[in-house]
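No lab work stands behind these numbers, since they all come straight from the coordinates. The structure presented is a predicted model; accordingly, all values stated were derived computationally and were not measured. Cβ atoms come from the backbone with ideal geometry, glycine included; neighbour counts cover every protein chain shown.
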Amino acid sequence: MRAFAYEEPRTLAEAGALMARPGRNQLLAGGTDLLVRLKRREWTVDTVINLKRIAGLRGVEARGDHVFVGPLTTLDELAASELVAKRWPILVETVHEMGSPQVRAMSTAGGNLCNASPAADLAPPLLCLDATMKVWGLRGERHVPLREFFLGPGKTALEPGEILTEIRIPPALAKGCFIKFCTRRAMDLAFVSVACAAVGKDVRLALGAVAPTPIRVLPSVEEAMKRCAPIDDVRASAEYRREMVRVLVRRALARVAS
Amino acid sequence: MKSVGQRVPKLDAADKATGKSRYVQDLRLPGMLEAKILRSQVPHGRIVSIDVTEAWKVPGVRAVLTAKDIPAKVWGYSKDQVALKGDRVRRIGDELAAVAAPDIEAATEACERIKVVIEPLPAVYGMEAALAPGAPLLHAARGSNLVQTHLYEHGRIEEAFSKAAKIVEGTFVLPAQQHGCLGPAGAIAEWDANGRLTMHDPTQIPFLVQRDLAEALDISPADLRIVQPCIGGAFGARLDLYPHEAIVALLAKKTGTPVRILFSRDEDFQTDPVRPRTIVRLRTAAAADGTLLGRDADILVDCGAYVSWGAMTPVVMVNTFGNFYHCPAARYRARTVCTNTQPTGAFRGFGNPELLFPMETQMDELARALKMDPIDFRLKNANRAEETTPAGGHITSCGFKEVLEAVRTRLKRPAAPAAPHLKRGIGVAAVFHVGGGARIYRSDGCGATVKVDDFGKVVVVVGATDIGQGMETAMAQIAAEELGVDVSMVRVATQADTDIRLWDVGVHASRTTFIAGNAVRLAAKEARKQIEDARAALKLPADAPLDKVVRAEHFRQKGRLITASVFYDPPTSMVDKANHGNVSAAYTWGCHGAEVEVDTETGQVVVKRIVAAHDIGRAINPMHAEGQVEGGVIQGLGYAMFEECVLKDGRMQNGYFLDYRMPGIRDIPEIETVLVETNDPEGPFGAKGIGEPPIVPIGPAIANAIADATGVRMREFPMTPERVWRALRGNR
């Protein structure tokens, strides 16, 4: 790991000021993606800015017309939240498919989304739940629907210097399922992931790992097949991924319908 | 028996569990520097220039070495290896330069500043392409990329196939498998003021490294001492001399201070002497009544860029090929080939998993074609005790029938699954392996010294190496049994170095319990005789405690200490030029059964249950034997289902644990282990080796279960969901 400066700002304003400094400044949440890249010398950064000292970025609570999920909430905390378990068991199911107990204790909901992997496990269920990302920047706050948050592999709608401060979920209950398809039964990345949730009578469907970003699609096999655009990589071929979209979307829709 | 056969917890378990064991990663010597190697990013090329000027500008750098700074010594199994490459690189990862600095960051920074110009040459990655006329040559002196051809034959092969009622044939493709040791490679070198070198080196072959490293460094082996720190796994990965060992010694010599090299996980993936890619073309013939008639194999084994132990796997394969089952005719050709890829080495099972996947698949295919039960078909052709095979193998103890029957009674056909896209099936596969050493060197021996001190403490100094397999505990139990003392009174000097220990060929071939066990048993027996002689001569009562007898013998006029040294070399022979011979003093037998559930829409295979039965002669420690079986099953499951090195233009695409998948705990089914004890006549207290056999038959047992469930034959590992899905669709 190359040397870097390390900062622990206490406020968003301090963090913003640090981000505005010249050089490559990288935010640190759980570190489970960042540290791997630094140790493998894939990334060189000038400053690592740890967000954990900033109050108000962690926890799950009902707030008026929505549920607040702090971006620094760990995956364990997310799954342990009674509020989450009662309203969206699909999120608990998803977290249990992610990483290992050690990783789930460290990694954060916000980190999983801001890392913007096409295979980010939290993205498909949160797309189904119509989550919105609240973003803070030196020029003010704004809200970005999760459907517009992902721009490409590793790319989000966050502008330079902007920080995710809230994952906002509408309070409606949903029942659904998350199918993570991979080789191993734990500690793996999805070839294909499918989230399907019914909010009232509204059935929603989202896919992971089969397009440059996680995608929300209309709830049918035909729509999923039309919208998915998988690639060949070391994990699976595009052809196989496409066929698995067909099989798994059918299964997910059937499960939610039953 | 009071000690042998007891479930004694591993003597090193507490130290390992509490972090007290010292691995090379934990050792620090005063003044020690850290080393880093600059590696080629070009798979094949001519080195035009290496400019190290900028490397010296990194603060703290103490040495920068390239080929022109070191002795021009060629070494290795086939004399094609050098520590630092001066004229040619033959794979991504080849060693170009090395730096020593006070910390790894400075050493890494210095390596990154070295300017290397390499003129690329055409490279070749596949074995068939490497053998084609006009293929780029890796080692011009050899005249071809073919390293060696191994031939074997017995019986009349053409006649056997011409009168067969059923012939099955197929081509089987096996991937490179990484050892993935918990402890990546590393070593520390220090020279004393008299020019003598001490290596702290987690090698499996301390006495061979003493000879081979001295050759590579152009020094006398008498000036070299190997100390083994605690070894963080090996599985065959530490069975040869590797460039980093020579490099760290050269850096230590240059700087006059101790130097350590530790591989990062990425580097360990890039340099691991992987299980060789292997292609097996096999056909097997049987008569209508289920009698095996003949088998015919043509095999390619990938050596990678330099010849190491991967090139020897045909020697083990041929042992199984010529000895296993009554097969009146057999013909075998195996060719080892160099390609511009990672050099391949030894890996638990050493060729046997590569050969028995094809062989046991075809046993299953023949049984089905002849409408016989797969276990009955194997029993009909099974080896028996006290027979000599056409290949010259002499079978002594033989529990083959017992292991087959053990699986038959425990592997039940599962109920039909609920969903129509799920199919369930069961399959079996068997293993034959050396269990009493393997004479691939002129000596297959091991020395041991047992001393009993004034306090009744028994110290065992044995040449053998503990790589986590439990050598220490097994030797303590054997010594305790022979001396009639409690295991808690025995210490095994695992930290003793090559100056102190007696010679041993190394830890490989499932040989340690058998060979070192016999050495320890014989030394303990001799020590006991000395004690009993003393008791009689000094007229001490029969119930006088052992320590009292030892003290009485020690502190008398012309006193004597209780100590005995023994060298045990098994009654075996090397194979002759035609690959005939009895290389092992005992052979082991095993059978695995697997139950699988296949999702026919996705190709996903879930292994639901495994039964693993092994004839191990006698379990010195049943708990450890079960551990060896479970570990082997899991590693074999990884080979069969998950693991492969994916290459693109010679570069590994998945050299990290996320995409190089080893089985995790949720991938491992219930494993029922059955230990069959046949009391081998030559083994210590009847024991035979068990280190390797359990990795071998699990893959074909799963493949046979998939065939049982779906009717589709898998002939390529790993059997990933996508491969199974393609096979189910009838294409590749």
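Quick rundown of the values:
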{"quantity": "Unit charges on C-beta of K, R, D, E only; dipole of chain B, Debye", "calculated": "420 debye"}
{"quantity": "For region B:356-403 versus region B:700-732, the gap between their alpha-carbon centres in whole angstrom", "calculated": "23 Å"}
{"quantity": "Kirkwood Rh in Å, taken over all unlike Cα pairs in region A:115-249", "calculated": "15.4 Å"}
{"quantity": "D_trans [Stokes-Einstein, Kirkwood Rh over alpha-carbon pairs] for region B:445-568, 25 °C, 0.890 mPa s, µm² s⁻¹", "calculated": "169 µm²/s"}
{"quantity": "Computed over region B:165-310, the ratio Rg/Rh where both radii use C-alpha atoms and Rh is Kirkwood", "calculated": "1.19"}
{"quantity": "Sorted by Cβ density within 10 Å, fewest first, the residues A:Ser117, B:Ser308, B:Ser584, B:Ser144", "calculated": "B:Ser144, A:Ser117, B:Ser308, B:Ser584"}
{"quantity": "Rg in Å to one decimal, and Dmax rounded to a whole Å, for region B:530-577 via C-alpha atoms", "calculated": "18.0, 58"}
{"quantity": "Overall Cα dimensions of region A:1-109 - principal axes, largest extent first, Å", "calculated": "44, 31, 15"}
{"quantity": "Chain B shape via C-alpha gyration tensor axes, a/c threshold 1.5", "calculated": "oblate"}
{"quantity": "Label-point gap, in nm, between B:Arg265 and A:Asp33 - each point 7 angstrom along Cα→Cβ", "calculated": "1.8 nm"}
{"quantity": "Region A:188-258 and region A:144-183: distance between their alpha carbon centers, rounded to Å", "calculated": "16 Å"}
{"quantity": "Neighbour-count ranking [beta-carbon atoms within 10 angstrom, fewest first] of A:Trp43, B:Trp589, B:Trp191, B:Trp725", "calculated": "A:Trp43, B:Trp191, B:Trp725, B:Trp589"}
{"quantity": "Of all DSSP beta bridges in chain B, antiparallel share, percent nearest 5", "calculated": "75 percent"}
{"quantity": "Cleavage-rule hits (trypsin sites (Lys or Arg not before Pro)) in region B:320-382: DSSP loop, at most 14 neighbouring Cβ within 10 angstrom", "calculated": "B:Lys371"}
{"quantity": "Per-residue mean of C-beta atoms belonging to partner chains within 10 Å, peptide A:179-185", "calculated": "5"}
{"quantity": "Filtered trypsin sites (Lys or Arg not before Pro), region B:540-582: DSSP coil and at most 13 other beta carbons within 10 Å", "calculated": "B:Arg556, B:Lys558, B:Arg560, B:Lys577"}
{"quantity": "Percentage, to the nearest whole number, of Cα pairs in chain A over 28 Å apart", "calculated": "32 percent"}
{"quantity": "Area projected by the alpha carbon convex hull of region A:60-169, averaged over all directions, nm²", "calculated": "6.6 nm²"}
{"quantity": "Rough spin-label spacing in nm, given labels placed 7 Å along Cα→Cβ, for B:Glu387 and A:Arg40", "calculated": "5.2 nm"}
{"quantity": "Projected label distance in nm at A:Ala85 and B:Asp486, using a 7 Å step from Cα toward the beta-carbon", "calculated": "4.8 nm"}
{"quantity": "Cβ-Cβ FRET estimate between B:Asp103 and A:Ala5, R0 fixed at 25 Å, reported to 0.05", "calculated": "0.85"}
{"quantity": "Most to least packed among B:462-469, B:692-699 [average Cβ atoms within 10 Å]", "calculated": "B:692-699, B:462-469"}
{"quantity": "DSSP bridge orientation in chain A - percent antiparallel, rounded to nearest 5", "calculated": "85 percent"}
{"quantity": "Computed log₁₀ I(q)/I(0) - Debye formula, equal Cα scatterers, no solvent, region A:175-257, q 0.22 Å⁻¹", "calculated": "-0.98"}
{"quantity": "Ranking of B:Ile620, A:Ile167, A:Ile49 by count of other Cβ atoms within 10 Å, fewest first", "calculated": "A:Ile49, A:Ile167, B:Ile620"}
{"quantity": "Helix-only [θ]222 nm of chain A, DSSP H runs n ≥ 4, -39500 (n - 2.57) each, per residue, nearest 500", "calculated": "-8500 deg cm²/dmol"}
{"quantity": "Furthest towards positive pole of dipole, B:Tyr587, B:Ala552, B:Cys645, structure part region B:548-645, Cβ charges", "calculated": "B:Ala552"}
{"quantity": "When region A:5-50 is reduced to its Cα atoms, the Kirkwood hydrodynamic radius in Å", "calculated": "10.9 Å"}
{"quantity": "Rule-of-thumb Rg ratio for region B:597-721 [Cα; 2.2 N^0.38 Å; N residues]", "calculated": "1.23"}
{"quantity": "Sorted peptide list for B:74-86, B:563-575, criterion being average Cβ within 10 angstrom, highest first", "calculated": "B:74-86, B:563-575"}
{"quantity": "Convex hull of region B:502-631 built on C-alpha atoms - directionally averaged projected area, nm²", "calculated": "14.4 nm²"}
{"quantity": "Radius of gyration and Dmax over the Cα atoms of the protein assembly as shown, both given in Å", "calculated": "30.8, 100"}
{"quantity": "Residue-by-residue Karplus 3J(HN,Hα) for region B:42-52, coefficients 6.51, -1.76, 1.60, Hz, glycine and proline x", "calculated": "10, x, 7, x, 9, 6, 8, 7, 10, 10, 9"}
{"quantity": "Interchain or long-range residues, amide H under 5 Å from B:Val124's placed H", "calculated": "B:Asn340"}
{"quantity": "Most positive-pole-ward Cα, B:Tyr242, B:Ala160, B:Phe455, against dipole of chain B from beta carbon charges", "calculated": "B:Ala160"}
{"quantity": "Magnitude of the charge dipole, the protein assembly as shown, Cβ model with Lys/Arg +1 and Asp/Glu -1, debye to 20", "calculated": "1040 debye"}
{"quantity": "Solution diffusion estimate, µm²/s, Stokes-Einstein, region B:188-270, Kirkwood Rh from C-alpha pairs, 25 °C, viscosity 0.890 mPa s", "calculated": "189 µm²/s"}
{"quantity": "Neighbour net charge for B:Pro697 - beta-carbon separation under 12 angstrom, K R +1, D E -1", "calculated": "-2"}
{"quantity": "Cα-based reach from A:Lys175 at 16 Å (exclusive), listing lysines while leaving out same-chain residues under 8 positions away", "calculated": "A:Lys86, A:Lys201"}
{"quantity": "Under 10 Å, Cβ to Cβ, from B:Ala709 - net charge with Lys/Arg +1 and Asp/Glu -1", "calculated": "-1"}
{"quantity": "Placed amide H near A:Val199: partners under 5 Å, 5+ positions off or other chain", "calculated": "A:Arg204"}
{"quantity": "Base-10 log of normalised Debye intensity for region B:2-138 (one unit scatterer per alpha-carbon) at q = 0.09, 0.12 Å⁻¹", "calculated": "-0.45, -0.67"}
{"quantity": "Potential extension, B:Glu532-B:Ala222 segment - 0.36 nm per residue separation minus Cα distance", "calculated": "107.8 nm"}
{"quantity": "Phi-based couplings in Hz for region B:659-667 (Karplus 6.51, -1.76, 1.60; Gly and Pro marked x)", "calculated": "9, 9, 8, 9, x, x, 4, 6, 8"}
{"quantity": "Spatially proximal aspartates and glutamates relative to A:Lys180 (Cα-Cα < 17 Å; intrachain offsets below 8 disregarded)", "calculated": "A:Glu93, A:Glu97, A:Asp121, A:Asp188, A:Glu243, B:Asp599, B:Glu601, B:Asp659, B:Asp667, B:Glu722"}
